[in-house]
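Enquirer: My questions all concern the structure below.
The values are calculated or read from the model by the stated rules, or taken from the named source; none is laboratory data. Keep in mind that this is a model prediction, so the values were computed, not measured. Here the Cβ is made from the backbone with ideal geometry for all residues, glycine too, and neighbour counts use every protein chain on show.
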Amino acid sequence: MNDINGWQFFHKDIIGKGGQGKVYAAKNEKYEGEYAIKVFKLKWMRNDATRRKRELRINNEIKVFQSIIHKNIIIYIDSGHLKREDIFYIVMDKADTSLKYYIHENDLSLEEKKDFFLQIIEGVRILHDHNIIHRDLKPANILIKDNTVKITDFGISFFLEDRNEPRVTSPWEIVGSRNWRSPQTELGRQDEPSIKEDFYSMGKILYFLLTNGKELYREHFDSREFFLPYIHKDPKYLVFENLFIHTIAENQRDIYDNLDDFIKEFKKAWKEFKMFPIDREIEELVRLAHVFHMNRKYEEHKALITKAYNMDKGNPYGQYYYGKLLYGENRQESLKYFYEVANNSRFSDYLVLADIALLLFHNDDAEMCEILVQRSKILKERRILPKNLSGISEELKKYLKYSALGRP
């Protein structure tokens, strides 16, 4: 058993570690229950400059703890230094786990994810209100105790009011953790720390929550592998794109200037997610289905088109694409859906009408084909377009190019 000023622990009871120190479950006769003791052993550091920097970061962390008492910041208990052994220690309240593991061990609902993120926001808000930038926000530093978020690990945090004091990191030093630090904290790219560093990391933490624990490399949230609607097969996740654009951004100028703007966009996105218009969802489902089709994921393509149709069987886009889906299997059945679209006088997407005209022409209905061609010409000349053409496949534009309508 190890004993540091009355705090007793076993090496086997390690509950965390990082570049700065190791954390153990510890007890003390003066206190009830278990606590977490973070131990820093500096005795064997041969480089004086490195040792001074480590000590500066330890004292920096203690300073943050002593500056703030808040439900979303881990509770500080004790700290000290054993001169002979050259061991520093910080004692904190012991959490149940961290977000890094909690997300994989629990099937969280969307409401639970929202609640956790709002708690993270509150923790960051109290830090910023005290002019402190965390600079190393990540799931491993978001602890959870009794379903309450507790932010920890303030070794490289920056006090905005202490700009004239010695810095715990140099302007040329890479700080933070890979995949979570902002591009501005990388080598030679930042002179002054900014609260925008925290916003960048918070954007990635939100992404981590919404993907049930998937880490986002760099700023590629809109690439296919990391695209939320593609991962969930649900276009409603598009509502978070604007928030990611203004947090997970390579250029710091694109990131929100303050936390209030961040919160406003988050709440707006969440409200839109809950009230996503059904017509838009159908169009975006179709668009998403095409992405799966282009990647030869035909079962997913079929499932999304079917879902789009079943959401509103009177929606012309759903009818058209469902008819296209059935065309190779049951041509007569598919024609029924094409006629429903063709007879919808309010439908004004000339690209879809032109494609249906060609399909009907190949099925020996030259009369309806001619009607639709003339109707498409008129709509095209009047520039009557659907609100969202994103769901229309490129194939339709190719059809137009070689159809009776001529080049678009």
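Enquirer: Counting only residues that are not in a strand (DSSP E or B) and not polar (S, T, N, Q), how many does region 37-83 have?
Expert: 27
Enquirer: Go through 241, 186 for me and flag whichever is modelled with pLDDT under 95 and closer than 30 Å to residue 313 by Cα. Write out each step before concluding.
Expert: Working: 186 fails: closer than 30 Å to residue 313 by Cα.
Selected residue: 241, the only one of 241, 186 that is modelled with pLDDT under 95 and closer than 30 Å to residue 313 by Cα.
Enquirer: May I pose another question? From the residues in region 312-352 that are among the polar types (S, T, N, Q) and farther than 23 Å from residue 377 by Cβ, which one is surrounded by the fewest Cβ atoms within 10 Å (Cβ to Cβ)?
Expert: This residue is 332.
Enquirer: Scan region 281-299 for residues that are surrounded by fewer than 17 Cβ atoms within 10 Å (Cβ to Cβ) and in contact (Cβ under 8 Å) with a residue 12 or more places away in the chain and report the count.
Expert: Matching residues across region 281-299 total 2.
Enquirer: Something else now. Filter region 116-157 down to the residues that are in a loop (DSSP other than H, G, I, E, B) and of a type in the set (S, T, N, Q), then identify the one that is farthest from the chain's Cα centre (by Cα).
Expert: Out of the qualifying residues, it is 131.
Enquirer: Does region 20-32 contain at least one residue that is at pLDDT below 90, touching an Asp or Glu at 6+ places or on another chain (Cβ under 9 Å) and at negative phi?
Expert: yes
Enquirer: Let me ask you something else. Regarding region 80-88, can at least one residue be identified that is crowded, with 16+ Cβ neighbours inside 10 Å, touching a Ser or Thr at 6+ places or on another chain (Cβ under 8 Å) and of a type outside the set (Phe, Trp, Tyr)?
Expert: There is no residue in region 80-88 that is crowded, with 16+ Cβ neighbours inside 10 Å, touching a Ser or Thr at 6+ places or on another chain (Cβ under 8 Å) and of a type outside the set (Phe, Trp, Tyr).
Enquirer: One residue is enough: does region 43-61 have a residue meeting the conditions under 28 Å from residue 118 (Cα atoms), among the hydroxyl-bearing types (Ser, Thr, Tyr) and surrounded by fewer than 18 Cβ atoms within 10 Å (Cβ to Cβ)?
Expert: Looking for residues that are under 28 Å from residue 118 (Cα atoms), among the hydroxyl-bearing types (Ser, Thr, Tyr) and surrounded by fewer than 18 Cβ atoms within 10 Å (Cβ to Cβ), one finds none in region 43-61, hence no.
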